1. Please report the spacing between the Cα centers of the stretch 63-103 and the stretch 149-201 in Å, no decimals.
2. Here is the link list: LYS25/LYS111; LYS111/LYS146; LYS33/LYS60; LYS25/LYS198. Which ones come out longer than 25 Å on Cα distance?
3. Quickly work out the SER48-to-SER62 label distance, labels modelled 7 Å from Cα along the C-beta direction, and quote it in nm with one decimal.
4. Which value at 222 nm does the chain reach when only helices count, each DSSP H run of 4 or more adding -39,500 (n - 2.57), with the total divided by all residues and rounded to the nearest 500 deg cm²/dmol?
5. Provide the percentage of antiparallel DSSP beta bridges, counting only those with both residues in the stretch 70-200; round to the nearest 5.
6. Can you list the aspartates and glutamates whose alpha carbon sits under 12 Å from that of LYS130, skipping same-chain ones fewer than 8 residues off?
7. Take VAL177, project a point 7 Å from its Cα along the Cβ direction, then tell me which residues of the stretch 114-158 have their backbone nitrogen under 14 Å from it.
8. Rounded, prolate or oblate: which fits the stretch 83-122, taking a ≥ b ≥ c as square roots of the Cα gyration tensor eigenvalues, rounded meaning a/c under 1.5, else prolate when a/b beats b/c?
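Only the coordinates and a few stated rules stand behind these numbers; no lab work does. Remember, it's a predicted structure, so these values are computed and weren't measured experimentally. Don't worry about glycine lacking a Cβ; one is built from the backbone with ideal geometry, like all the others, and counts go over all protein chains shown.
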Amino acid sequence: MITSEHITGLILAGGRAQRMGGIDKGLIPFHGKAMIESAISRLRPQVSTILINANRSITKYSHYGYPVLMDSTPDFSGPLAGFSVGLQHCKTPYLLTSPCDSPLLPVDLAKEMASQLENNDLELVFASSKEDDGKVWSQPVFCLMKSDLQDSLDTFLSKGDLKIDHWFKELRSGTVVFENPLAFANVNTPEELAALEKVSL
């Protein structure tokens, strides 16, 4: 059985945040604290240790006491570049990824995805959310993967493809649908930030 001891958490803070005017999203205040603090507090009980993937504000992120890893590629090549550097430094059998700008991420994220992965002999499980209207959306940056996928990912990236779902299709992958759509709400604009603060009081 996969427990928190077998999982390393990777918080992805490596993007450019163009829609937020280029501000580093993990450091934007959410209820008075940097947004990444909410992600850390929700992820920490679910994993044995945390890594942070960031390409700037390295000193600020390092204040949280966890290793800060920069992408191997210097061109902001998306979450897969973060996955790659996370896998390089992962010392547990599994890696759980989450972005820095989803401060309400599920507290049972690891448990539900580990169960799906084990029961169906999968290599990677990603989250999906069910909206109030019944639509299901994939949330591919939230995933639990075996830590031996480094070669598979690097081979995929070497082809120049950065699409996360294309890589998933090369693996034995599946998804877990979470019923609360707010759990994956992320912040791309100042308006979204204000709205999310209101509903999460």
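1. 13 Å
2. Details: LYS25/LYS111 27 Å; LYS111/LYS146 15 Å; LYS33/LYS60 13 Å; LYS25/LYS198 18 Å.
Result: LYS25/LYS111 exceed 25 Å.
3. It works out to 2.5 nm between the two label points.
4. Values: 7 runs with 61 residues, N = 201.
Calculated mean residue ellipticity at 222 nm is -8500 deg cm²/dmol.
5. 65 percent
6. The reachable aspartates and glutamates, counting only those whose Cα sits under 12 Å from LYS130, are GLU179.
7. Within reach of a label on VAL177: 127-139.
8. oblate
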